[in-house]
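S.K.: Here it is: the structure, laid out below.
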Amino acid sequence: MTYFDRIQKAVEFIEKNLTTKITLGDIAQVACFSAFHFHRIFHSLTNQSPMDYIRKRRLALAVEELRESDKSILEIAVNYQFGTHESFTRAFRRFYGMNPGKFRKLQKISLETQSKINIMDTLSLKNYRSIFMEPKIMNNNEFFVIGYELKTSSEEGRNFKEIPVFWEKYFEENLAEKIPGKIKQKELGICCNMDNVTGAFSYVIGYEVNENTKEGDGMVKIKVPAAKYAVFTTPKVPRVDFVKSIQETTKFIYSQWLPQSEYELDSNGYDFELYDERAGGDEDCQMEIHIPVK
């Protein structure tokens, strides 16, 4: 079964369970991925998080029931897992610009709703800037990192919002200078401590240190396990395009390279980003993305 088949299998599972409570972990298990990696792959393929897609699909079916049935708004809200009339109304208004009660009165209004995804269709519609790169495959021994930790989650796309803010705080407070015992001047952003049920994980910014180095106040120390890595280097771009380049490379990895490669994700390893002297300056900025594979 290909990566695309596994994601489509998850889509079919979602479709059958739109009226029941399901978690990111439930869906990821169907596709045989960790919650963290499933979220990354799904988002790379569809430009939306799994939970956002589920919410949109539930609203789409709710629109049909509002139009065609005589069920109360509360019944429809509860049936599609919105819990209360109020939470359903807020979601409906956010997506469609009106309350469900008003829509029911004006039934001839046409709303643009989320249809069921076909993964192969989304691939044919993709319009990435042309990126083609072959990674270096390398084996890393375990190593230790001291740094600062952000506890975040793949649910609701929280990580996409919180990690950039975390980096801004890290730079503003000059936290790198406080980290003891740096072995190499290579800054790391590491995804670790993943919860495969909830999608929660830690993101640590720090430096490699010796095993016996003690962390300072407010810091954490983690062990990055030995693993085989596919190492991707982003294209050289001006500073203003650096974040976009990282995001496009990540999308390329999860939506194009990985599904067509001979490798599988190794959920026991840690994804990490590496920033060295190539990431400095205003021109020709580059960094590395390390993905654990087997």
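The values are calculated or read from the model by the stated rules, or taken from the named source; none is laboratory data. Quick caveat: nothing in here was measured; it's all calculated off a predicted structure. Heads up, the Cβs are rebuilt from the backbone with ideal geometry, glycines too, and the neighbour counts pull from every protein chain shown.
S.K.: Name the residues in the range 159-188 that are in contact with a strand residue (DSSP E or B) (Cβ under 8 Å, 6 or more places away or on another chain) and closer than 30 Å to F38 by Cβ, would you?
M.R.: Those that are in contact with a strand residue (DSSP E or B) (Cβ under 8 Å, 6 or more places away or on another chain) and closer than 30 Å to F38 by Cβ: N159, E162, I163, F166, W167, Y170, K186, E187, L188.
S.K.: Only one residue in R57, R93 is part of a helix (DSSP H, G or I) and surrounded by fewer than 17 Cβ atoms within 10 Å (Cβ to Cβ). Which one? Write out each step before concluding.
M.R.: On the way: R57 fails: surrounded by fewer than 17 Cβ atoms within 10 Å (Cβ to Cβ).
Exactly one of R57, R93 is part of a helix (DSSP H, G or I) and surrounded by fewer than 17 Cβ atoms within 10 Å (Cβ to Cβ), namely R93.
For every residue, the table says whether it meets (1) β-branched (V, I, T); (2) within 24 Å of V293 (Cβ to Cβ).
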position: V30; (1), (2): yes, yes
position: H37; (1), (2): no, yes
position: R40; (1), (2): no, yes
position: D52; (1), (2): no, no
position: R67; (1), (2): no, no
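S.K.: Quick check on the range 242-263: of everything there that is of a type outside the set (A, V, I, L, M, F, W, C) and surrounded by fewer than 14 Cβ atoms within 10 Å (Cβ to Cβ), which residue is modelled with the highest pLDDT?
M.R.: Filtering the range 242-263 for residues that are of a type outside the set (A, V, I, L, M, F, W, C) and surrounded by fewer than 14 Cβ atoms within 10 Å (Cβ to Cβ), the one modelled with the highest pLDDT comes out as E262.
S.K.: Follow-up question, since we're still on this one. Those residues that are aliphatic (A, V, I, L, M), touching a Leu at 6+ places or on another chain (Cβ under 8 Å) and either part of a loop (DSSP other than H, G, I, E, B) or more than 22 Å from E149 (Cα to Cα) (or both), I need them from the range 245-294; list them, please.
M.R.: Hits for the range 245-294 are L258, L265, M287, V293.
S.K.: Looking at (1) modelled with pLDDT under 90; (2) part of a strand (DSSP E or B), which is the only condition S110 fails?
M.R.: It is condition (2) that S110 fails.
S.K.: All but one of (1) in contact with a helix residue (DSSP H, G or I) (Cβ under 6 Å, 6 or more places away or on another chain); (2) closer than 24 Å to K16 by Cβ; (3) at pLDDT below 95; (4) of a type outside the set (F, W, Y) hold for N99; which doesn't?
M.R.: (2)
S.K.: Residues of the range 193-212 being assigned to a loop (DSSP other than H, G, I, E, B) and either surrounded by 18 or more Cβ atoms within 10 Å (Cβ to Cβ) or in the same structural domain as P50 (by TED's automatic domain parsing) (or both), which ones? Write out each step before concluding.
M.R.: Here is the first cut: in the range 193-212, the residues assigned to a loop (DSSP other than H, G, I, E, B) are 193-199, 210-212.
M194, N196, G199, listed by residue number.
S.K.: For the range 196-219, what are the residues that are touching a Ser or Thr at 6+ places or on another chain (Cβ under 8 Å) and over 25 Å from M133 (Cβ atoms)?
M.R.: N196, V197, T198, G199, A200, F201, S202
S.K.: Considering each residue of the range 279-294, count those that are surrounded by fewer than 16 Cβ atoms within 10 Å (Cβ to Cβ) and either assigned by TED's automatic domain parsing to the domain that holds H37 or out of contact with any helix residue (DSSP H, G or I) (no Cβ under 6 Å at 6 or more places or on another chain) (or both), and give that number.
M.R.: So the answer is 5.
Residue by residue, here is whether (1) closer than 21 Å to A35 by Cα; (2) in contact with a Leu (Cβ under 8 Å, 6 or more places away or on another chain); (3) modelled with pLDDT of 95 or more holds:
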{"residue": "I190", "(1), (2), (3)": "yes, no, yes"}
{"residue": "M194", "(1), (2), (3)": "yes, no, no"}
{"residue": "A200", "(1), (2), (3)": "yes, no, no"}
{"residue": "Y203", "(1), (2), (3)": "yes, yes, yes"}
{"residue": "V209", "(1), (2), (3)": "no, no, yes"}
{"residue": "N212", "(1), (2), (3)": "no, no, yes"}
{"residue": "V224", "(1), (2), (3)": "yes, no, yes"}
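S.K.: Among the listed residues A28, A77, identify the single one that is part of a helix (DSSP H, G or I), under 23 Å from T250 (Cβ atoms) and aliphatic (A, V, I, L, M).
M.R.: Every option except A28 fails the conditions.
S.K.: Follow-up. Consider A62 against the criteria (1) closer than 20 Å to T23 by Cβ; (2) in contact (Cβ under 8 Å) with a residue 24 or more places away in the chain; (3) small (G, A, S): it satisfies all of them except one. Which criterion is unmet?
M.R.: Result: A62 passes all but (1).
S.K.: If you check V220 against the conditions, is it under 15 Å from Y148 (Cα atoms), aliphatic (A, V, I, L, M) and over 19 Å from the mean Cα position of the chain (by Cα)?
M.R.: When the stated conditions are applied, V220 passes them.
S.K.: Take the range 167-198 and flag every residue that is of a type in the set (G, A, S) and at positive phi.
M.R.: Looking only at the range 167-198, we keep the residues that are of a type in the set (G, A, S), and these are 176, 181, 189.
Hit for the range 167-198 is G181, nothing else.
S.K.: Collect the residues in the range 2-25 that are of a type in the set (V, I, T) and assigned to a helix (DSSP H, G or I), keeping them in residue-number order.
M.R.: I7, V11, I14
S.K.: Within the range 268-278, how many residues turn out to be buried (at least 17 other Cβ atoms within 10 Å of the Cβ) and closer than 17 Å to C32 by Cβ?
M.R.: So the first thing to find is which residues in the range 268-278 are buried (at least 17 other Cβ atoms within 10 Å of the Cβ), and the list is 269-275.
Retained after the next criterion (residues that are closer than 17 Å to C32 by Cβ): 269.
Residues in the range 268-278 being buried (at least 17 other Cβ atoms within 10 Å of the Cβ) and closer than 17 Å to C32 by Cβ: 1 in total.
S.K.: Still on this structure, please answer the following. Name the residue that is modelled with the lowest pLDDT, counting only residues in the range 143-188 that are within 26 Å of I27 (Cβ to Cβ) and among the small types (G, A, S).
M.R.: Among those that are within 26 Å of I27 (Cβ to Cβ) and among the small types (G, A, S), it is G157.
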